[in-house]
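Trainee: So that we are looking at the same thing, I have put the structure below in structure tokens.
The values are calculated or read from the model by the stated rules, or taken from the named source; none is laboratory data. The shown structure was predicted, so the numbers you read here are calculated from the model rather than taken from an experiment. Note that each Cβ is placed from the backbone with ideal geometry, even for glycine, and that neighbours are counted across all protein chains shown. The accessibility values were calculated without ligands, DNA or RNA, using every heavy atom of the protein model including side chains. Shrake-Rupley method; radii C 1.70, N 1.55, O 1.52, S 1.80 Å.
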Amino acid sequence: ARKSAGQTTMQMERTFIAIKPDGTNRGLIGEIIARFEKKGYKLVAMKAVKPSKELAETHYDALKEKPFFGPLVEFICSGLVIAMVWEGTGVVKTGRQMIGATNPLESAPGTIRGDLGIDVGRNVIHGSDAVETAEREIGIWFKPEELVDWDQTVKQWIYE
Ligand code: GDP
Ligand code: MG
């Protein structure tokens with residue numbers, strides 16, 4: 001149950017967001033982080049990683065039978081990934097809406113993929129598709145001690 005912003009027990013969900021190597025190479029890191037930051041979400045963890053094949057395969061395990069799995073893993077491992085955890089009410093679903101449809105040809109203008117990408121194999125960003133998926137992905141990419149416990153003091157101006 002959600003309590004008022006002044007209380008510390010407010011129920012919050014977390015999502016795993018990653019800027020893929022196309023996004024980092026194209027200089028879109030700041031642009032993407034700014035969208036989550038300005039929305040009001042709380043940054044809980046962030047790191048720069050060049051993922052191992054094992055990490056990428058584990059992350060995309062549900063897609064291992066897809067024809068694009070091999071190229072996808074190779075792409076994710078090809079350069080810098082910015083891995084992040086963002087927290088807030090409804091952040092998983094709203095984060096996916098901010099990211100836009102998987103194929104940028106179908107992502108609405110105003111979304112990250114709609115504004116910044118063209119091709120499905122270069123769609124700039126990853127976001128968890130459900131709360132349970134987010135928990136799994138956060139566990140793959142981060143150690144528990146890398147999740148920062150801090151007070152977003154501005155929260156009284158974001159939550160009623
Ligand atoms: P997402 O949750 O919107 O990222 O989409 P999925 O979980 O279905 O797929 C994971 C990632 O695989 C996508 O973000 C794309 O980078 C890639 N992908 C999905 N479908 C295709 C496809 O049809 N072709 C290619 N080349 N890549 C795809
Ligand atoms: Mg997905």
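Trainee: Straight-line reach only, C-alpha to C-alpha below 16 angstrom: list the aspartates and glutamates that Lys38 could link to, leaving out same-chain residues fewer than 8 apart.
Mentor: Excluding near neighbours in sequence, the set is Glu87.
Trainee: Further question: Along the range 114-121, what does the Karplus equation 6.51 cos²θ - 1.76 cosθ + 1.60 (θ = phi - 60°) give for ³J(HN,Hα), rounded to whole Hz, x for Gly and Pro?
Mentor: x, 8, 10, x, 10, 9, 4, x
Trainee: Summarise the accessible area of the range 40-160 (1.4 Å probe, protein heavy atoms) by the percent that is carbon and sulfur.
Mentor: Within the range 40-160, the accessible surface is 55 percent carbon and sulfur.
Trainee: Can you compute the helix-only [θ] at 222 nm over the chain? Use -39500 (n - 2.57) per DSSP H run of at least 4 residues, normalise by all residues, nearest 500 deg cm²/dmol.
Mentor: Computed ellipticity for the chain at 222 nm equals -9500 deg cm²/dmol.
Trainee: According to a simple spin-label model (label point 7 Å from Cα along Cα-to-Cβ), what is the distance in nm between Ser78 and Lys66?
Mentor: Label at Lys66, label at Ser78, 1.6 nm between them.
Trainee: Which Rg and Dmax, in Å, describe the Cα atoms of the chain?
Mentor: Cα only, the chain: 15.7, 49 Å (Rg, Dmax).
Trainee: Any chance you could run the full-extension gain for Lys50 through Asn25? It's 0.36 nm times the residue separation minus the Cα-Cα distance, nm to one decimal.
Mentor: 7.8 nm
Trainee: In addition: So what is the accessible area of the chain per residue, in Å², with the probe set to 1.4 Å?
Mentor: Each residue of the chain exposes 56 Å² on average to a 1.4 Å probe.
Trainee: Can you list the residues, at least 5 places off or on another chain, whose amide H is less than 5 Å from the amide H of Ile125, using H built in the peptide plane?
Mentor: Lys20
Trainee: Quick one: of Lys39/Lys64; Lys39/Lys66; Lys42/Lys64; Lys50/Lys143, which pairs are farther than 23 Å apart, Cα to Cα?
Mentor: Lys39/Lys64; Lys39/Lys66; Lys42/Lys64
Trainee: Taking a virtual spin label 7 Å from the Cα of Ala130 along the C-beta vector, which residues in the range 30-58 bring their backbone nitrogen under 19 Å of it?
Mentor: 58
Trainee: If you don't mind, there's one more thing I want to ask. Could you work out which residue, out of Arg113, Arg35, Arg14, moves most in a Gaussian network model of the chain, that is, has the largest mean-square fluctuation with Cα springs under 10 Å?
Mentor: Arg35
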